[in-house]
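Enquirer: Pasting a structure here, questions to come.
The values are calculated or read from the model by the stated rules, or taken from the named source; none is laboratory data. Since the structure is predicted, the reported quantities are computational estimates derived from the model, not experimental observations. Every residue, glycine among them, receives a Cβ derived from its backbone with ideal geometry; neighbour counts consider all protein chains shown. All accessible areas refer to the heavy atoms of the entire protein, side chains included, with ligands and DNA or RNA removed. Shrake-Rupley method; radii C 1.70, N 1.55, O 1.52, S 1.80 Å.
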Amino acid sequence: MEKGKVINLCGGVYKVLLEDNSVIQVKARGRLRNEKQFVVNKKSQSKKAQITTVKNSPKVGDTVYIDGGMIDHYEPRKNEMIRPDIANVDQILLVFAAKEPDFSFFLLDLFIVNILRQKIEPCIVISKIDKLTSEELLKLKHDMSYYENMGYPVHYVNSLTGEGVDEVLHALEGKITVLSGQTGAGKSTLINAILPDFNLKTQEISSALGRGKHTTRETNLYIYKDGFIGDTPGFSKLDVLGIEKDELASLFVDFKGISCRFKDCNHQENIKGCGIHEAANNGEILKSRYESYLKIYKMIGEAK
């Protein structure tokens, strides 16, 4: 039985990197393709526990065992994501454009919430810094220092000139890193700057729509310095399914340590005396962070 790591999945065919560094293409056994995992969510606010059905087939990032030319089974995962569909990730490099498309603090916060819930650490990359004036870049760095104070590294990159790329390279060493983030932010361009031999296809931003066109169609892992770099399909909307209202505040790490006089408070704007609301008003919490919390809280309610 051979052991390897899934580095690509397309149309039910898996590319697997074996321990001798060779790559083979295989399919999974029928029982893996058809098996479903039932996850019981005991935190549900309803009287009955929610049961979620999840496909139990191998994912990119899985350590698998090949027998008879097919994937027989895979090792237990330390984490997994649904969008992007990948497992066993050490960190996620969130790539956001400084401009074209416009930088979105809400989208950044939505990514971070989903990532932290999977117990994965985010690392933020701001691309296309050449699109900003000196004053605009200074303002963005000032706001992003708030995220650095929360413990999230922030790197500023101009992939066309290579500025800032060395810092990103250092952050990737020895880890399984997935690139994700804002659609059209230049994830493939960044990978080209880091690993020029791959020559990944890039596309221009649609000036009419003001947003990016999807470039990457598949999830891929590329070998890099005792680790892997993942390139995932671009997307601009994340699911909040599975996130409960009463756990959302715990995913906003800057809310921790701020006292609120109400037990089990949901920190909404209409609650007078809410410590989180007051902290947002007096600048202790970045205002856009509190606005993101309110929007995501509402999204969770609508999803229910």
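Enquirer: Rounded, prolate or oblate, given the Cα gyration tensor of region 142-182, with a/c below 1.5 counting as rounded? Mind dumping the intermediate values first?
Expert: Numbers: a/c = 1.74, a/b = 1.21, b/c = 1.44.
The shape class here is oblate.
Enquirer: Still on this structure: Explain nothing, just compute: Karplus ³J(HN,Hα) = 6.51 cos²θ - 1.76 cosθ + 1.60, θ = phi - 60°, for every residue of region 124-131 in order, whole Hz, x for Gly and Pro.
Expert: 9, 10, 9, 9, 6, 5, 5, 7
Enquirer: Follow-up question, since we're still on this one. Using a 7 Å offset from the Cα along the Cα-to-Cβ direction at both Glu80 and Glu244, what is the distance between the two label points in nm, to one decimal?
Expert: Modelled inter-label distance: 2.2 nm.
Enquirer: Would you grab the residues whose amide H sits under 5 Å from the one on Tyr156? Only those 5+ places off in sequence or on another chain, please, with H modelled 1.01 Å from N.
Expert: Ile126
Enquirer: Taking H as built 1.01 Å from N, whose amide H comes closer than 5 Å to the amide H of Ile176, not counting residues under 5 places away?
Expert: Under 5 Å from the amide H of Ile176 lie the amide H atoms of Asp90, Gln91, Phe228, each far enough along the sequence or on another chain.
Enquirer: Between Ala303 and Leu116, take the C-beta separation as r, use R0 = 22 Å, and let me know the FRET efficiency to the nearest 0.05.
Expert: On the way: r = 18 Å, r/R0 = 0.83.
That pair, Ala303 with Leu116, gives E of 0.75.
Enquirer: Which length gain, in nm to one decimal place, applies between Lys141 and Ala171 when the Cα-Cα distance is subtracted from 0.36 nm times their residue separation?
Expert: Contour length minus Cα-Cα distance gives 8.9 nm.
Enquirer: State the extension gain, in nm to one decimal, for the chain segment bounded by Cys10 and Asn149, taking 0.36 nm per residue of separation less the distance between their alpha-carbons.
Expert: Numbers: separation 139, 0.36 × 139 = 50.04 nm, distance 3.95 nm.
Working it through step by step, the gained length comes to 46.1 nm.
Enquirer: Something else: Per residue of region 247-252, what does 6.51 cos²θ - 1.76 cosθ + 1.60 with θ = phi - 60° give for ³J(HN,Hα)? Whole Hz please, x for Gly and Pro, Karplus curve as stated.
Expert: Coupling constants for region 247-252: 9, 4, 4, 5, 8, 9 Hz.
Enquirer: Shifting gears a bit: Summing Lys, Arg as +1 and Asp, Glu as -1, what charge do residues with Cβ under 13 Å from the Cβ of Gly69 carry, Gly69 excluded? Could the numbers behind the result be given before it?
Expert: Details: positive: Lys27, Arg29; negative: Glu2, Asp67, Asp72.
Result for the neighbourhood of Gly69: -1.
Enquirer: How large is the accessible surface of Asp226 in square angstrom, using a 1.4 angstrom probe and rounding to the nearest 10?
Expert: Counting only protein heavy atoms, the figure is 150 Å².
Enquirer: List, in order, the whole-Hz ³J(HN,Hα) value for each residue of region 8-24 obtained from phi through the Karplus relation with A = 6.51, B = -1.76, C = 1.60 and θ = phi - 60°; use x for Gly and Pro.
Expert: 6, 9, 8, x, x, 9, 9, 8, 10, 8, 7, 5, 8, 6, 7, 10, 10
Enquirer: For the peptides 260-273, 137-150, 281-294, 87-100, what is the packing order when you average, over each peptide's residues, the other Cβ atoms within 10 Å and list the highest mean first? Present the calculation step by step, with values, prior to reporting the outcome.
Expert: Values: 260-273: 11.9, 137-150: 14.1, 281-294: 16.4, 87-100: 22.2.
Packing order, densest peptide first, comes out as 87-100, 281-294, 137-150, 260-273.
Enquirer: What nm distance separates the two modelled labels at Lys295 and Arg261, each placed 7 Å from Cα along Cα→Cβ?
Expert: Once both label points are built, they end up 3.1 nm from each other.
Enquirer: Taking the square root of 5 times each eigenvalue of the Cα gyration tensor, what semi-axes in Å does the equivalent ellipsoid of region 246-304 have, largest first?
Expert: Details: eigenvalues 60, 32, 24 Å².
Semi-axes from the Cα gyration tensor: 17, 13, 11 Å.
Enquirer: Here is a further query. Hey, can you grab everything whose amide H is under 5 Å from the amide H of Val95? Only 5+ residues off in sequence or another chain; H modelled, so Pro and N-termini drop out.
Expert: Amide H neighbours of Val95: Val125, Ser180, Gly181, Gln182.
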